[in-house]
Amino acid sequence: MVSIGVTDSELRRCPNCERVEKELHSLRQKNAKLEQQVGELQGYVFGRHHPSQGPAKKPGAKPEHAGWFRPKPTRIDRTEDVSLEACPNCGSKDLSRCAEIEEHTQEDIVLSAPQVTLYRKHVYWCKNCGKKVRGRGKEELPGSPLGPATKSIAAFLRYKVKVTQHDIVRVFKGLFQLSVTEGAVQGFHTQTRQKAKRLHAQLKEHIKAEPAVHADETGAPINGTNGYTWVFGSKDIVLYDTGFSRGGKVVESILGTDYDGILSTDSYNGYNRISTQAKQKCLVHLDRDLKKRLEHSQEGDPVFTWAKRLRAFFLEARAYYNAFHDGKLSRQHLRETSGRFQRELIGFVQLKASDPDVRRLSKRLFKQQYELLTFLDFPDRVSPDNNYAERLIRPCVIFRKLTGGFRSKTGTDNHDVLMSLTQTAHINGKDPLQMFRTILSSPPQTLSLDCCLSP
């Protein structure tokens, strides 16, 4: 036999071997990428630790921050004289009282059993109406076996503290010796919402006149179907809206088709449905996209240089904004700086690249070029990020994680009305618990937004 330099493995190769090997190599790469994504998802779900992103933040307050100490109470409700009959150290009873008195003030919660009030209402005959009439007792809820304190605490625990209905039942039983059911707690919220819906409607009208509004949205399952909770927050008002739509019609229903103010959002297109005085897109979201471009390109590449320069451009703009708020820059100087930045931005938004992700980012910048530097023109009304709206939407995210979402329209309506009032009271320095009690116990004709808005 004559050898021609061909190995046995090469003799066994068929014409399709090269194609199959390429497909196998491609599948192995996809599998490795999927394994990495699964590992990341497992970390989010099961709490695995991720690689450190830098030195850990030192716990506690910064050195220049003053410590916080509980202020001494301004009133004394009870005084107790403490005397001794024997020494606590040796047990000796040979003690002589000194002239010195040491005082210690202590605050504590006083728990008590529910108080039952019998309202004996005298009945009168009205000659004008031709009917029997009767008065209303102080803090009486006619026809209700439980009073406003119970129902306001339930609303406070649900929409401020984020406690489940089941745990509210346990709190009432364990702390107040009051037996209620989860269905009754849901009824408390519905009754509170019905009394407060006029206030909620007034907030919806007032927010349309606010000079600036921040908006954001998050997922909110409704009876197993995808839903969304939107937040619209100004300096004084917070509104939540939950439903199945993530379209711009929700924005239109809250702010109208022509909003005469500044709308600050992320880059979601749903916010472009309405016309406004001006818009501000979140630069933090943009910075994350630019950072990804730097990670997926090499130094010296045109895309790398473009992303690096653009990041530095917006960081400089934000530095001028911070300098103005620190009192280091005049408003006139900031206004002149804004014009320069706007002219320079035009040169960044005309990038042409082969990478589809870069083209998409460049196209977005071109479309939003007049919505990225609004914070320099209106530094008192908007900021370069949308952090305010994200902080307002966070309670809804926590609520969703605890409850798993909503089961009915009644639940979503209760959430939107009572959460809106809770957060509005919070940002105005009002006590949400007292607000709920006022809503429940006040006659409808005397109820006003003063319970949740600052004067």
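Each reported figure results from applying straightforward, stated rules to the coordinates on display, with no laboratory input. Note that the structure is predicted; figures quoted are calculated from it, not measured. Don't worry about glycine lacking a Cβ; one is built from the backbone with ideal geometry, like all the others, and counts go over all protein chains shown.
Below are the figures for this structure:
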quantity	calculated
Size of electric dipole in the chain: Cβ of Lys, Arg +1 and of Asp, Glu -1, about Cα centre, debye, nearest 20	1540 debye
Radius of gyration and Dmax over the Cα atoms of the chain, both given in Å	32.0, 130
Relative contact order (%) - criterion: Cα under 8 Å, at least six apart; region: the chain	17 percent
Normalised convex hull volume, the stretch 190-265, alpha-carbon set, Å³ per residue	91 Å³
Using alpha-carbon coordinates, inclination of helix 182-207 to the longest axis of the chain, degrees	70 degrees
With Cα atoms, 0 to 90° folded angle of helix 165-176 axis to the chain main axis	30 degrees
The stretch 175-306 - Rg (one decimal) and Dmax (whole number), Cα, Å	20.5, 71
Inter-site label distance for ARG134 and THR79 at 7 Å from Cα along Cβ, in nm	4.6 nm
Inter-label distance for ASP236 and ALA312, nm, one decimal - labels placed 7 Å from Cα along Cα-to-Cβ	4.5 nm
Descending semi-axes in Å of the stretch 246-389, equivalent ellipsoid built from Cα gyration tensor	25, 22, 12
Estimated vicinal HN-Hα couplings, Hz - the stretch 325-342 in sequence order (Karplus 6.51, -1.76, 1.60; Gly, Pro = x)	6, 7, x, 9, 9, 7, 5, 5, 5, 5, 5, 5, 5, 4, x, 5, 4, 5
For the stretch 137-210 and the stretch 359-431, distance of Cα centres in Å	24 Å
Fraction in percent of alpha-carbon pairs per bin - 10 Å, the stretch 119-206	14, 35, 26, 18, 6, 0
Alpha-carbon Rg/Rh ratio, for the stretch 339-449, with Rh computed the Kirkwood way	1.18
P(r) weight above 12 Å for the stretch 277-331, C-alpha pairs, percent	70 percent
Alpha-carbon spread of the stretch 48-196, three principal axes, descending order, Å	78, 64, 31
Residue exposure sequence - TYR119, TYR271 - by fewest surrounding Cβ within 10 Å	TYR119, TYR271
